[in-house]
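The values are calculated or read from the model by the stated rules, or taken from the named source; none is laboratory data. Keep in mind that what you see is a predicted model, and the values were worked out from it rather than measured. Ideal geometry is used to build each Cβ from the backbone, glycine not excepted, and the neighbour counts take in all protein chains shown. Accessible surface areas use protein heavy atoms only, side chains included; no ligands, DNA or RNA. Shrake-Rupley method; radii C 1.70, N 1.55, O 1.52, S 1.80 Å.
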Amino acid sequence: MTQPVALIVGGASGIGLATAHALAARGDHVVIADLNAEAAQQRAAELGDSASAVAADVTDEDSVAAAFAAAGAAGPLSTVVSCAGMSVIGAIPDIELAGWQATIDVCLTGTMLVIKHAARALQDGGSIVAISSLNGRQPGTAMAAYCSAKAGVNMLVQVAALELAARGIRVNAASPGLVDTPLVAGLAMVPGLTDEYLENTPLGRAGLPDDIADAVEFLTSPRAAWITGSAFDINGGAHLKRYPDVLGKVQALAEG
């Protein structure tokens, strides 16, 4: 039986790496694509024969296309997961255009490019999951770029689900809250910010990358065969309460 192939874009760390492990454990050959090509190679080597690696920059369409070509060379592509992300913090009157544009380029346009090439490369009946965010539905001060990008990802997923349904390709989003990953490591440097996140998370803890990876594995499995066009909140219930005042905490830190 031919081994199915899963391409994890942004798979060398955090949620992407946990997802690579989860999909390899179920029997997929995992192609780890990442801007950090060396880290991708190292993570693939740790997984052994069930993984390979390729460099990918989601802001460069040629690079994205090359990653899909490499995945296709490994076998029939059945799963694509888009994990690349970044964020800048700043109130709207102060935000630098370059930071705004970089966040949109990576989080929204990058996701679009991954879905575009996934639509071309996936076998009929395949599955796409984009990593979105609690911020795709819940606004936060100083988070305009990231919130806007992730809200766009959620709508992009819905459009893609409509367009690809005739081929049986399902498209969903996983929307984490606060998860212990390199992307959010800087939050711990702002006094009180992590505490406020947890105070507004009913289950009382930050997420782990495996919490998200387990959901992605489900969404890309036959067990989720009738699910498409959805954004799944995986945030310990944080969407039920309020988002922390990021701007207030950052300003208090600046004022010393």
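Want the number for M155 to D49: 0.36 nm per residue separation, take away the alpha-carbon distance, what's left?
Length gained, M155 through D49: 34.5 nm.
With only alpha-carbon pairs counted, each pair once and no self-pairs, how large is the Kirkwood hydrodynamic radius of the stretch 196-242 in angstroms?
11.9 Å
Round to a whole number: what % of the accessible area of the chain belongs to carbon and sulfur, probe 1.4 Å?
Its accessible area is 57 percent carbon and sulfur atoms.
Can you figure out the FRET efficiency of D180 with D245, using R₀ = 22 Å and their beta-carbon distance, to the nearest 0.05?
0.55
How large is Rg/Rh for the stretch 113-256, to two decimals, with Cα atoms and a Kirkwood Rh?
1.03
What do the square roots of 5 times the Cα gyration tensor eigenvalues come to for the stretch 173-253, in whole Å, largest first, as semi-axes of the equivalent ellipsoid?
They are 28, 13, 10 Å, listed largest first.
Rg to Rh for the chain: what is it, with Cα atoms only and Rh by Kirkwood?
Ratio of gyration radius to Kirkwood radius: 0.97.
Could you order peptides 184-192, 205-213, 77-85 by the average number of other Cβ atoms within 10 Å of their residues, highest first?
Top to bottom by mean Cβ count within 10 Å: 77-85, 205-213, 184-192.
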